[in-house]
Amino acid sequence: MSALNSCSLTAPPNRNPSKFHRQNISSHAPYFVPPNLATPFRLAKSAVSCKVMKNIFGSGESRPEPPPNVAKPPPAAPPTVEVDNDASADQTLLTIIAENRTGLLQAVAGVFKAMGVQISKANLNLENGFVVEKIFVTDSKGEKITDAESVDNIRRALSDALERKPAMPVEKYSKGVGARVYRGDLGFFEVSEENKARAELLFRLMDQYARNDVESIQKDILDHVEYTVARSRFSFDDFEAYQATAHSVRDRLIESWNDTHQYFRAKDPKRLFYLSLEFLMGRSLSNSINNLGIRDQYAEALKQLGFNLETLAEKEGDAALGNGGLARLSACLMDSLATLDFPAWGYGLRYQYGLFRQIILDGFQHEQLDYWLNFGNPWEIERVHISYPVKFYGKVEEEVVKGRRRRKWIPGEMVEAVAYDNPIPGYDTGNTINLRLWGAKPSGESELESYSTGDYVNAIINRQRAETISSVLYPDDRSYQGKELRLKQQYFFVSASLQDIMRRFKDFHSNIDQFPDKVALQLNDTHPSIAIPELMRMLVDEENVEWNRAWEIIKKVFSLTNHTVLPEALEKIPVELMGSLLPRHLQIIYDINFFFLEDLRKHIASDYARLARMSIIEEGAVKSICMANLSIVTCHSVNGVSRMHSEILQTTVFKDFYDIWPHKFQSITNGVTQRRWLAICNPGLRGVITKWLGTEAWIKDLDLLMGLRQHATNPRLQNEWRKVHRLNKSRLAEYIEEISGLKVSIDAMFDVQVKRIHEYKRQFLNVLSIIHRYDCIKRMTSEERRKVVPRVCLIGGKAAPGYEIAKKIIKLIHAVGEKINNDPDIGNLLKLVFVPDYNVSVAEVVIPASDLSQHISTAGHEASGTGSMKFLMNGCLILGTLDGSTIEIAEEIGDENLFTFGAKVHEVPILRAQRRDFVPPREFTRVIRMIRDGYFGFKEYFQSLCDTVDGGGDFYLLGNDFTSYLEAQAAVDRTFVDQENWTRMSILSTAGSGKFSTDRTIREYAEQTWGIQTCKRPC
């Protein structure tokens, strides 16, 4: 046999053979062989699961110190390694003769990886039970290895590796008591005498990762077609092929995922636990195979089977477990945490129905449940054996324990939280971390009681009531029932998560004072802030920790990311609701507030107005708990998500707190992951960037994109850049025709605004400018029209179900589009398209094809705005106000390379105060009159929408910014005509996007807030 794949000398796990790590082999290079190279790529894989480990090894997660001087039994016959530099002019020939055994070839590949040796070709033969391998190799530069010391290093490394047994050796630990199994870097696990043979068998059987050559992948896919999907391997469709493919990828994820967490358990680092009520993950197939480094192999494997990878990827539904930037940020942060090798977990809710599906009928938005789990989710692993009771309602009683009075919560209702795990792979690393989502089930106790008494109806009602908790994302909280469900969701997921975290901590530690040394808890906004009184309850009521000692622990573990700009948008929970649903937590919150106010009086004496503002309990018509105040009082770190946002928090929203605790407040600008939002969604541009930078290292170090600046005016790069962008526009044009039936010209400027529909995001301002443009074109002569820059305007986003003004904006977009798109005088000079049901997958089509992206919120209202970062990475030019992260984007790429307009943050309150005397520009008045007069139909329906900007009621300053906005649009037109300059600006936009990677965001959090270190498993 010949060739690399045929002799199983494959690359390390989850890596393409062409992506071995490179390093020079010289006398100065360290001599290193990974421990136990007989199984260099499996390490903890033999453990298969925590449950199996406990059955086999007794102590499961325990990690005792290794016994000294563990002897490794020698092989029956020593291997030989011969080096020949005369057999080839430009390669070194290694001849290896060794006794045939499991893991031998993996051991050889592991040595080559560790020492930076490249394999050119290999031949393998079996002779009388011995393997004879002839391998042609070069150094990291592709040159023959002639240095004597390097040759000797390789020979010694191979000999050392090949003398080891394939399975982990089992040694006596004490006479007649038991044995321990050596696990390399993962420590030791106890094995009873009678289980030694079984342990050795498991280690031997699980010695290898799933192989990533094309034939092995095809076999895995077909196995899943038959054994998982239960279809004939001779008859299965695209969706069934997707399911089988997804399961085969998940197999590889699980291998890495199990080994990563086994390694974390062995090393016991401080871990981050990221608590977020929303994770907008999007599709997983493309992201997973890209991060695992096996995209090309899967594409080829599927092609040979008669399927297209891109087609199968389209069969996957979006996991829309969130809405907008906060939820997408959570997903991007998880990707970066995995890629950067930080020991982290994500926790959230497994909503049965994701964010609603947006259906457009006659231009009106209608909402439908998103049945994203109808056909199952191949990426998750249900952990039926991992569940925790979550309590609600009831009463609090006092009891005396060991002479101390203690409060005890007697719940009135209990449900079970069941874990669903989702592996999150890092890019170019062996680490795969976990996102654990909780699903709600009825408590087994209550179900059993109902069935025992024959009350089947009540059993069904209890089940439905429990499952409602994790059914719907964003329940309508305008009613008491909606508010109660929202609080139930928040408490349900943090209670289960904290029980899980505490269980894991206590498995390894007995001293609760070590909790802050091993645990960092990040609150993604105030939605999970009920975790503060919950952890306090667990420490005081269940762990019997004295209050002051518990409070010191609490303050060290929690940190908060705030996403809110306006004080009126901060979360508040009615005291009555909290007292009914979580009575013990209300008591704890009151106690925290009492001690806080007592201490605060020492600083501000009798400033009662300020005391009232800073109090956790807000008096008023409805007595409420200010969750932001609770979080700031507790957390050791509070950060905004852009520099401008942080300044607003410190000078207005939380000024009272900042004046007392300035050290708590930080600024950490959000980011997005370049893996999904550039490398995966824009493969053409990825190729161009890699070609001109000469490396793909930018996918992990986005600052390297700055290297494009020196080529920004190069005609060859500009031509390649435009060619890729044109192909992306063709793809989007096809999508537009598919969803609307409208054919658009790819020569036109694609002008895009896609985000949640809200008055402050000012989609209405965009529509008014489109009406103005249409009106101008209509009044032009044919000669003047020839000078018009053609535009295709795309607007997409969802309005909250109860937000009537936002829904009217969507209807207006459709009404204006209907008029413009069917006007023969306009032709291709202007088109307006609404993109329905905008989600992550649609964004991956829209963003790479956009010429111009609008981010036009009223200044001071956008906390960060990660959407602009995604467009920026893809070379799209930005039109925006100086709001959120746009200010920092301008600093990175230069003011001259984007288009800005409108009032500044400090001008907004002044302009609002002058609204009654403001006279809007004539162009603004004209387009509003066209809508009011019914030019686009639905005259009465749009009156209330026009009322929001007429007179003194224009809160978001559309009239004030309109003239400046039109001037910026004119500048966009002039620049677009000069395609060389436009392309230069596009290249510079991408080149300046390095700061806006979540990799940078995570490093800042790790250093400034969490105090965690990387923990990369050997592979």
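The values are calculated or read from the model by the stated rules, or taken from the named source; none is laboratory data. Small disclaimer: the values here were computed from a predicted structure and weren't measured. Using ideal geometry, Cβ is built from the backbone for each residue, glycine included, and neighbour counts are taken over all protein chains shown. Ligands, DNA and RNA are stripped out before the accessible areas are found, and what is left, the full protein with its side chains, is counted by its heavy atoms. Shrake-Rupley method; radii C 1.70, N 1.55, O 1.52, S 1.80 Å.
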*To the nearest 10 square angstrom, how much accessible area does Arg601 have with a 1.4 angstrom probe?*
100 Å²
*Those GluC sites (Glu not before Pro) in the stretch 557-651 that DSSP places in a loop and that have at most 13 other beta carbons within 10 Å*: Glu619
*Could you work out how far the C-alpha centroid of the stretch 848-919 sits from that of the stretch 490-508, in angstrom?*
41 Å
*About the Cα centre of the chain, what is the dipole size in debye to 20, counting +1 per Lys and Arg Cβ and -1 per Asp and Glu Cβ, all else neutral?*
500 debye
*When the dipole is taken about the Cα centre of the stretch 725-1006, and only Lys, Arg (+1) and Asp, Glu (-1) are charged at their Cβ, what size is it in debye, to the nearest 20?*
480 debye
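Order of 130-139, 539-548 by packing, highest average Cβ count within 10 Å first?
With the highest mean Cβ count within 10 Å placed first, the list reads 130-139, 539-548.
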*Roughly how many Å is it from the Cα centre of the stretch 753-795 to that of the stretch 953-972, as a whole number?*
13 Å
*For the charge dipole of the stretch 725-1006, defined by +1 on Lys and Arg C-beta atoms and -1 on Asp and Glu C-beta atoms about the Cα centroid, which residue among Gly796, Leu732, Tyr941 has the Cα displaced farthest towards the positive pole?*
Tyr941
*asked:* Going by Cα centres, the stretch 299-317 and the stretch 512-552 are how many Å apart?
replied: 47 Å
*In whole percent, how big is the carbon plus sulfur part of the accessible area of the chain, probe 1.4 Å, protein atoms only?*
50 percent
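Using only C-alpha atoms and all pairs of different ones, pull out the Kirkwood radius for the chain in Å with one decimal.
Its Kirkwood hydrodynamic radius stands at 31.4 Å.
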_Listed residue pairs exceeding 24 Å between alpha carbons, taken from Lys506/Lys572; Lys391/Lys556; Lys441/Lys488; Lys691/Lys1016; Lys141/Lys691; Lys819/Lys939_ = Lys506/Lys572; Lys391/Lys556; Lys691/Lys1016
*Too long at a 24 Å Cα-Cα cut-off: which of Lys761/Lys808; Lys787/Lys808; Lys315/Lys761; Lys555/Lys602; Lys807/Lys831?*
Lys787/Lys808; Lys315/Lys761
*What does the helix-only formula give at 222 nm for the chain: each DSSP H stretch with n ≥ 4 adding -39500 (n - 2.57), the total divided by the residues, and the result rounded to the nearest 500 deg cm²/dmol?*
-12500 deg cm²/dmol
*For the stretch 80-160: relative contact order, % (alpha-carbon pairs under 8 angstrom, 6 or more apart)*: 35 percent
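Solvent-accessible area per residue for the chain at a 1.4 Å probe radius, Å²?
Dividing the accessible area of the chain by its residue count gives 40 Å².
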